[in-house]
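These notes concern the structure reproduced below.
The numbers here are math on the coordinates, done by the rules we state, and not lab data. Predicted model only: the values in this text are computed from it and were never measured. Neighbour counts run over all protein chains shown; Cβ positions are idealised from the backbone, glycine included.
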């Protein structure tokens with residue numbers, strides 16, 4: 001799938017989806033060495049999404065998200081990135097009204113200081 005983000009055509013590769021409770025958090029890899037993470041909207045935080053922990057199981061081998069992932073204490077995580085706001089992109093990704101998506105860095109899991117699980121604070 002090709003989508004236009006920030007004026008640049010970006011290719012998305014579907015990695016996985018976790019459907020639960022009327023939601024469909026989804027993980028995509030991009031040709032820009034980033035991830036696009038689709039998740040539930042976080043009230044008052046347009047650059048954040050909430051996702052189920054199992055979605056992280058779809059990360060490409062030997063990589064992790066290049067952003068801090070926070071444990072909500074409710075069986076989900078939140079993370080922040082660059083909001084994907086182009087309406088043509090959102091329509092192509094079939095994002096329900098209660099969800100949004102953000103673009104985040106992809107890191108090599110062996111990078112010092114990288115983080116591949118949930119933060120606890």
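A few remarks follow.
- Working from label points 7 Å from Cα in the Cα-to-Cβ sense, the residue 82 to residue 24 distance is 2.6 nm.
- Model label sites at residue 14 and residue 71, defined 7 Å from Cα along the beta-carbon direction, differ in position by 3.2 nm.
- Segment 18-77: C-alpha gyration tensor shape, a/c 1.5 cut-off, then a/b vs b/c: prolate
- With the simple model of a label 7 Å out from the Cα in the direction of the Cβ, residue 33 to residue 105 spans 1.1 nm.
- Length gained on full extension, residue 43 to residue 98: 18.8 nm, using 0.36 nm per residue less the C-alpha separation.
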